[in-house]
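The values are calculated or read from the model by the stated rules, or taken from the named source; none is laboratory data. These numbers come from a predicted model, not from an experiment. We place every Cβ from the backbone using ideal geometry, glycine too, and count neighbours over all the protein chains shown.
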Amino acid sequence: MRLTRRAALKGGAGVLAAGGLAGCTDLGAGSGSGSGVQASFYLLYDFADQIAGGETDVESIVPFGQHGHGWQPSGQVQKEIYQSAAFVYMGEGFQPWADDVVTNLRADDAGVTIVAARHGIDLLGRNASHGGEEEHGDESSNESEHDESGDGHDHGDMTGDPHFWLDPMRAKQAVDNIRDGLIEADPDAEAQFREQADAYKSEIDDLHATFESRFESADQSHVLVAGHNAFQYTGARYGFTVHALSGVSPDEEPSGQAIREAQATIEEHGIEYVLTPTMESDRAARQLVSETDASEVLEISALSGVKEEWTERGWGYLEVMENVNLPALTKALHAE
């Protein structure tokens, strides 16, 4: 396993709480009364934590080990957001509760820097299911760079597929957005934030290169996800087609028709392995294996939440992509 800055700093600390690092300095001193960074869910916490470094408090609002779908912040949590220097969320229409928080922060002139991680990122359509780069544009492209009005995974009224981070190249754009937002909150730390963001993006480039080289030799070009359709960005980037049982929301239960279509897909494309998203039921995947020629269920993660054992290991975005998604897709695509 790659030894990350997080693992080095937190090693031996036991199960992580919902908070970030104990800070030596306060991000945002001089830019308002708050300090520290609040992120609207795990993935954004991880990106902000990598950029901010070990001297800044970064907290994930949705506790580690929880999916976040349907999750609502308590009054105490909202108070902590108001007391922070920066609030990192995905962007309008992703987590309705985060949209409400942003509205209130603006109305109260709370002095908290609002950072929209999704700004300017091209989104694929919700119903795309292919290996091509069909771009539909970011729904928030007309909003300001850091002050847009999360996966808490509600997805609100978004018309595009929100799971862009499963394409490492788009994930780098989110890192840039968060970096710029943290600089806005703490201009004195600009050099530090840029240096750490560049180092992290270099690691993402390495991850991308690994995925790209691994899948070049794939004998299979179709995968089936027995769950919500979160993985088309990975397929679009690396040239394989993703079939899924349901739409982009994890609460969409597959219909009987969807199961029958999945069975036909398995037969048509000779699919041997059925992928099942972490933190979703694997019942449909097991049903498909029992009723078709598919032989095995493989776990894959949309990074909408994180298992407690992963946090104990210090795993973040890079490690889950490398240690969970890469081996599952390698096997499913016959790229070994």
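So here's what we get for this one:
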item: Which numbered condition residue 294 misses (of (1) surrounded by fewer than 18 Cβ atoms within 10 Å (Cβ to Cβ); (2) in a loop (DSSP other than H, G, I, E, B); (3) modelled with pLDDT of 95 or more); result: (1)
item: Every pair of residues 6+ apart whose Cβ atoms lie under 7 Å, when the first sits in the range 90-106 and is on the phi > 0 side of the Ramachandran plot while the second is of a type in the set (Lys, Arg); result: 91/118
item: Residue that is aliphatic (A, V, I, L, M) and at pLDDT below 95, where the choices are 279, 321; result: 279
item: Complete set of residues in the range 207-230 that are modelled with pLDDT of 95 or more and either aromatic (Phe, Trp, Tyr) or closer than 30 Å to residue 113 by Cβ (or both); result: 207, 208, 211, 215
item: Subset tally (residues that are of a type outside the set (Ser, Thr, Tyr) and surrounded by fewer than 24 Cβ atoms within 10 Å (Cβ to Cβ)) for the range 82-100; result: 7
item: Extreme residue, modelled with the lowest pLDDT, among residues of the range 255-276 that are surrounded by fewer than 20 Cβ atoms within 10 Å (Cβ to Cβ) and in a loop (DSSP other than H, G, I, E, B); result: 255
item: Hits in the range 197-249 (condition: among the polar types (S, T, N, Q), touching a Ser or Thr at 6+ places or on another chain (Cβ under 8 Å) and more than 23 Å from residue 293 (Cα to Cα)); result: 232
item: Test: residue in the range 256-265 that is assigned by TED's automatic domain parsing to the domain that holds residue 219 and within 26 Å of the chain's Cα centre (by Cα); result: yes
item: Subset of the range 308-321 [more than 11 Å from the chain's Cα centre (by Cα) and within 19 Å of residue 59 (Cβ to Cβ)]; result: 308, 310, 311, 312, 314, 315
item: Looking only at the range 48-61, and only at residues there that are in contact with a strand residue (DSSP E or B) (Cβ under 7 Å, 6 or more places away or on another chain), of a type in the set (A, V, I, L, M) and assigned to a helix (DSSP H, G or I), the one that is modelled with the highest pLDDT; result: 48
item: Failed criterion for residue 281 (all others in (1) touching a Ser or Thr at 6+ places or on another chain (Cβ under 8 Å); (2) surrounded by fewer than 21 Cβ atoms within 10 Å (Cβ to Cβ); (3) within 19 Å of residue 224 (Cα to Cα) hold); result: (1)
item: Residue in the range 74-90 that is farthest from residue 177 (Cα to Cα), counting only those that are modelled with pLDDT of 90 or more and hydroxyl-bearing (Ser, Thr, Tyr); result: 82
item: Only listed residue being modelled with pLDDT of 95 or more, within 17 Å of the chain's Cα centre (by Cα) and among the charged types (D, E, K, R), chosen from 118, 126; result: 118
item: Selected residue (criterion: modelled with the lowest pLDDT) from residues of the range 157-184 that are buried (at least 18 other Cβ atoms within 10 Å of the Cβ) and in a loop (DSSP other than H, G, I, E, B); result: 158
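Residue by residue, here is whether (1) in a helix (DSSP H, G or I); (2) at pLDDT below 90; (3) touching a strand residue (DSSP E or B) at 6+ places or on another chain (Cβ under 8 Å) holds:
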position: 63; (1), (2), (3): no, yes, no
position: 68; (1), (2), (3): no, yes, no
position: 72; (1), (2), (3): no, yes, no
position: 92; (1), (2), (3): no, no, yes
position: 104; (1), (2), (3): yes, no, no
